[in-house]
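Trainee: Can you keep this structure in mind? I'll have questions shortly.
The values are calculated or read from the model by the stated rules, or taken from the named source; none is laboratory data. Only a predicted model underlies this, so the values are computations on that prediction, with no experimental measurement involved. All Cβ positions, even for glycine, are placed from backbone atoms using ideal geometry, and neighbour counts span all protein chains on display.
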Amino acid sequence: MSKEVATDFLIIGYGNTLRRDDGVGPRVADIVASWRLPNVRAIASHQLTPELADALATAEVVIFVDAQRADSNAQPPAGVTFTAIGAAEDSTRAADTHMSDPRRLLALTKQVYGRCPQAWLVSVPGVDFDFGESLSEQARQGVEVALRRIRLLFTSQ
């Protein structure tokens, strides 16, 4: 079992910070970490990896944050989605070394640790995935919307 202290909330923001809007997940995780809230842990990651299962095993709620390619005319907050998710049904592929799907990481956590936290996937729309570190205006607005809704989730639990 994990040796870490139990965490009420775990935020995992993932994506490539060198591909502009693809970096929204790590950006959200870094901002949540700066809040320094008790029982909230935030991890910014380039991709989902099996090692993250250890952190999931100690969390009550995990929030995955990632970018999604969007129509350049879509406007937040309609573009930012919060979707409840569960472990993938096909756990035979759960131990792959690179994971792009949070559901597979949840399945691995369940398989190895015998438990799986309540989970949400937050998708923030992005329109520019070219090389660079800055976010498009739409992605910046989506990050703000996601952060407000994540903070509300903390206070409603």
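Trainee: Residues in the stretch 104-157 that are closer than 19 Å to Ile85 by Cα, hydroxyl-bearing (Ser, Thr, Tyr) and touching a helix residue (DSSP H, G or I) at 6+ places or on another chain (Cβ under 8 Å): how many?
Mentor: 2
Trainee: Step by step: first the residues of the stretch 32-54, then only those that are touching a strand residue (DSSP E or B) at 6+ places or on another chain (Cβ under 8 Å), in a helix (DSSP H, G or I) and surrounded by fewer than 19 Cβ atoms within 10 Å (Cβ to Cβ), then the one that is modelled with the highest pLDDT. Which residue is that?
Mentor: Ala33
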